[in-house]
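Asks: Could you have a look at this structure, given as C-alpha cells, before my questions?
The values are calculated or read from the model by the stated rules, or taken from the named source; none is laboratory data. The structure presented is a predicted model; accordingly, all values stated were derived computationally and were not measured. For neighbour counting, all protein chains shown are included, and Cβ atoms are generated from backbone atoms with ideal geometry for every residue, glycine included.
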Amino acid sequence: MTALSKKVLIDILERTLAAYVTTFLGLLIADGFDLTSVSALKAAAIAALPAALSVIKGAIGSRFGDSSSAAWLPGRGGGGKDASPAGRQPSGG
C-alpha cells in the first residue's frame, strides 16, 4: 500500500466516522437522548446510511476528484488532476 493510498483511506475513514457520529447525535438529540430505548437503536441504524454514502462519495472523490484525498474538488494547493500549481497564474496566450 502506497503512502498516498493510505492517506486517502484514512481520509475516507475520518469522513465516514464524522458522518456517522454527527448523524447519530443529531437523531438522538431530536428524539430526546434516551440511549436505552429502541428508537436509539433505530437512530444508530439510520445513522449508518449517511456514513455508507460517505464511503461511496470518498471512493468516487479519490478516483475522479482530488487524487490525493477523498475530496471531489482540488485542494487549495492544487493536487487535483487538472489543477495548476499553487501560486502560479495561468499563462495568457
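Asks: Tell me, which residue of segment 17-60 that is buried (at least 17 other Cβ atoms within 10 Å of the Cβ) and of a type in the set (Ser, Thr, Tyr) is farthest from Ser5 (Cα to Cα)?
Replies: Result: Thr23.
Asks: Would you be able to tell me the number of residues in segment 30-65 that are modelled with pLDDT of 80 or more, more than 27 Å from Val8 (Cβ to Cβ) and of a type in the set (D, E, K, R)?
Replies: 1
Asks: Does any residue in segment 59-71 that is hydrophobic (A, V, I, L, M, F, W, C) come within less than 9 Å, Cβ to Cβ, of a residue that is buried (at least 16 other Cβ atoms within 10 Å of the Cβ) and part of a loop (DSSP other than H, G, I, E, B) six or more places away or on a different chain, and which pairs are these?
Replies: Once the first residue is hydrophobic (A, V, I, L, M, F, W, C) and sits in segment 59-71, its partners that are buried (at least 16 other Cβ atoms within 10 Å of the Cβ) and part of a loop (DSSP other than H, G, I, E, B) give Ala59/Ala70; Ile60/Ala70; Ala71/Gly65; Ala71/Gly79; Ala71/Gly80.
Asks: Which one of Ile29, Ile46 is out of contact with any helix residue (DSSP H, G or I) (no Cβ under 8 Å at 6 or more places or on another chain), farther than 29 Å from Ser68 by Cβ, free of Cβ contacts under 8 Å to residues at least 24 places away in the same chain and part of a helix (DSSP H, G or I)?
Replies: Values: Ile46 fails: out of contact with any helix residue (DSSP H, G or I) (no Cβ under 8 Å at 6 or more places or on another chain).
Within the list Ile29, Ile46, the selection yields Ile29.
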